[in-house]
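The values are calculated or read from the model by the stated rules, or taken from the named source; none is laboratory data. Keep in mind it's a predicted model, so treat the numbers as computed, not measured. As a convention, Cβ positions derive from the backbone with ideal geometry for all residues, glycine included, and neighbour counts pool all protein chains shown.
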Amino acid sequence: MGMSSTSGSAAGDAALEIIPFQPSLREHFYRLNAQWLERHFRIEEIDRVVLSDPEKYVLEPGGAIFFARLGEQIIGTCALLQESPDVYELTKMGVDEAFHGQGAGRRLLDAAIAEFHRRGGRTLFLESNSALAPALRMYEKAGFELQPAIRADSHYQRADVYMIYRAPAAKALL
């Protein structure tokens, strides 16, 4: 690797890639989520547990984790959590604040939705907070529909938004 990869302009030329979890990236799963949680809310115990051991709490039960990589930097992450055989939760989505507005969140979201379809999932949901308006708009554009009430058995104290994904092709049948 030449020194040029660290020059200021190189990041602008780098392609945004979505890559799967690998153990060497575990710390970024914690870092990227802690950043937005600490800014807007607080890290709840369930967050600390899941973020500290994603292999045990996300991957082993059948989930997936994706990262957004720009050049050499990991700038975003999100997880697909398997709740039951065909029910998945989109969760733990975070993009480094220094890289907001570059499309990483949408690319991560698209990767998670594609993985949900690849696995033949039936229901994909997410829980969020109404304070996170830009994220909610992104979810709506991707096909998530706001539900009239919060999820009955929500895991999160901060959740006041419950959304369910409707595959665009299925909309006409509903």
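Which pairs do you get when a residue that is within 19 Å of Ser154 (Cα to Cα) and in a helix (DSSP H, G or I), found in the range 32-51, comes within reach of a residue that is modelled with pLDDT under 90 and basic (Lys, Arg), reach meaning Cβ atoms under 9 angstrom, with the pair 6+ apart or on two chains?
Note: pairs meeting the criteria are Leu37/Arg158; His40/Arg158.
State which residue is surrounded by the most Cβ atoms within 10 Å (Cβ to Cβ) when the search covers only the range 48-65 and only residues that are more than 18 Å from Ala111 (Cβ to Cβ) and not acidic (Asp, Glu). It would help to see each step written out before you state the result.
Taking the range 48-65 as the starting set, the residues that turn out to be more than 18 Å from Ala111 (Cβ to Cβ) are 48-53, 55-57, 60-61.
So of that shortlist, the ones also not acidic (Asp, Glu) come out as 48-52, 56-57, 61.
On the way: Arg48: 13, Val49: 11, Val50: 22, Leu51: 24, Ser52: 13, Lys56: 11, Tyr57: 17, Pro61: 11.
In this case the residue turns out to be Leu51.
So is Ala68 closer than 18 Å to Ser24 by Cβ, in contact with a Gly (Cβ under 6 Å, 6 or more places away or on another chain) and surrounded by 20 or more Cβ atoms within 10 Å (Cβ to Cβ) or not? Spell out how you get there, then give the answer.
Numbers: closer than 18 Å to Ser24 by Cβ: yes; in contact with a Gly (Cβ under 6 Å, 6 or more places away or on another chain): yes; surrounded by 20 or more Cβ atoms within 10 Å (Cβ to Cβ): yes.
Here the answer is yes, as Ala68 does meet what is asked.
Within the range 73-140, which strands (runs of 3 or more DSSP E) (wholly inside it) include 1 or more residues that are on the phi > 0 side of the Ramachandran plot?
Answer list for the range 73-140: 87-95.
Buried (at least 17 other Cβ atoms within 10 Å of the Cβ) and under 14 Å from the mean Cα position of the chain (by Cα): does that describe Ala114?
On the way: buried (at least 17 other Cβ atoms within 10 Å of the Cβ): no; under 14 Å from the mean Cα position of the chain (by Cα): yes.
So Ala114 fails the test.
Here is a list: Arg106, Arg118, Arg122, Arg166. Which entry is over 22 Å from Ile46 (Cα atoms) and free of Cβ contacts under 8 Å to residues at least 12 places away in the same chain? Working first, answer last.
Working: Arg106 fails: free of Cβ contacts under 8 Å to residues at least 12 places away in the same chain; Arg122 fails: free of Cβ contacts under 8 Å to residues at least 12 places away in the same chain; Arg166 fails: free of Cβ contacts under 8 Å to residues at least 12 places away in the same chain.
Every option except Arg118 fails the conditions.
Scan the range 1-25 for residues that are modelled with pLDDT of 95 or more, surrounded by 13 or more Cβ atoms within 10 Å (Cβ to Cβ) and assigned to a helix (DSSP H, G or I) and jot them down.
Across the range 1-25, the qualifying residue is only Leu25.
So, in the range 132-163, of the ones that are more than 17 Å from Phe116 (Cβ to Cβ), free of Cβ contacts under 8 Å to residues at least 40 places away in the same chain and hydrophobic (A, V, I, L, M, F, W, C), which residue ends up surrounded by the most Cβ atoms within 10 Å (Cβ to Cβ)?
For the range 132-163, the residue satisfying everything is Val161.
I'm trying to understand the selection: among the residues of the range 71-89, which are under 22 Å from Ser24 (Cα atoms) and either under 15 Å from the mean Cα position of the chain (by Cα) or surrounded by 19 or more Cβ atoms within 10 Å (Cβ to Cβ) (or both)?
Step one: of the range 71-89, the residues under 22 Å from Ser24 (Cα atoms) are 71-81.
Listed by number, the residues that qualify are Ile74, Ile75, Gly76, Thr77, Cys78, Ala79, Leu80, Leu81.
Given (1) of a type in the set (D, E, K, R); (2) more than 14 Å from Phe21 (Cβ to Cβ); (3) crowded, with 22+ Cβ neighbours inside 10 Å, identify the lone condition not met by Glu45.
(3)
Restricting attention to the range 28-45, which residues are touching a Lys or Arg at 6+ places or on another chain (Cβ under 8 Å), of a type in the set (Phe, Trp, Tyr) and under 17 Å from Pro134 (Cα atoms)?
Phe41
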